[in-house]
Amino acid sequence: MASARTRVKICGVTTPTDARAAADAGVDAVGINFHPPSPRSVGPLMAAEIAAALPPFVAAVGVFVDPDADRVRRILDRVRLDALQFSGEESAEFCRAFGHPYIKVAGMAPDFDFAAFETRYPDAQAFLLDTHDDDLAGGTGRSFDWSAWPDSDRRMILAGGLDPDNVAAAIAATHPYAVDVASGVEGDVKGRKDAALVRRFVAEAQRAQI
């Protein structure tokens with residue numbers, strides 16, 4: 001789906017300070033990670049503080065990987081989330097069960113059949129296309145082949161290996177609904193965002209559309 005303005009999501013935000021800095025830089029959404037093996041995962045108490053730090057019109061997106069349904073409900077009871085992102089093998093029935101808009105992640109392996117994949121999730125608000133990895137559910141810091149970008153009228157979010165130096169080229173190559181970045185705007189500590197890199201990333205994403 002073509003977009004007049006490419007949205008920006010900063011994923012794996014782990015502190016209210018980083019959430020406020022991302023909002024000040026002009027992002028549209030922040031991702032709050034609830035997948036315990038991830039170095040960017042946070043608990044419900046911190047997640048609630050991060051979500052509360054966001055101003056109006058900046059969305060809080062909860063990121064899950066094959067979660068237990070009861071855990072998702074417990075988190076939703078404690079954290080204000082605007083949308084849910086499912087990065088595992090969740091079915092459409094599972095994804096829609098929580099009464100929130102959802103984003104489904106597609107791992108872009110060389111032989112991935114996106115056309116078949118999207119038909120399985122007719123009510124997904126968007127698809128996030130990320131680099132496939134046998135061991136990691138996102139956060140690889142690696143790009144996939146942008147020439148494999150599907151021809152679809154669904155909202156699609158580009159992730160995988162993006163940073164301030166390549167996001168403009170990525171947008172020009174794929175024309176996504178949104179771009180998503182985590183490690184590409186971090187310094188030496190995983191999960192802690194570098195405010196200067198976030199500002200550069202947003203500025204480059206905006207420049208790509210001039």
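The values are calculated or read from the model by the stated rules, or taken from the named source; none is laboratory data. Remember, it's a predicted structure, so these values are computed and weren't measured experimentally. Using ideal geometry, Cβ is built from the backbone for each residue, glycine included, and neighbour counts are taken over all protein chains shown. Heads up: the accessible areas ignore ligands, DNA and RNA and are worked out on the full protein's heavy atoms, side chains in. Shrake-Rupley method; radii C 1.70, N 1.55, O 1.52, S 1.80 Å.
Spatial offset of region 1-38 relative to region 91-113 amounts to 19 Å, using the alpha carbon center of each.
DSSP beta bridges confined to the chain are antiparallel in about 5 percent of cases.
Over the chain, Cα pairs under 8 Å with separation of 6+ residues give a relative contact order of 23 percent. Less than 14 Å from a label point 7 Å out along the Cα-to-Cβ axis of D153: which backbone N atoms in region 6-39 qualify, by residue? It comes to no residues whatsoever. For the chain, the alpha carbon convex hull comes to 111 Å³ per residue, rounded to a whole number. Overall, the accessible surface of region 76-210 at a probe of 1.4 angstrom is composed of carbon and sulfur to the extent of 46 percent.
Less than 13 Å Cβ to Cβ from V167, Lys/Arg counted +1 and Asp/Glu -1: what total charge do the surrounding residues give?
Counting the neighbours of V167, the net charge comes to +1.
Taken over the Cα atoms of region 42-143, the convex hull encloses 119 Å³ per residue.
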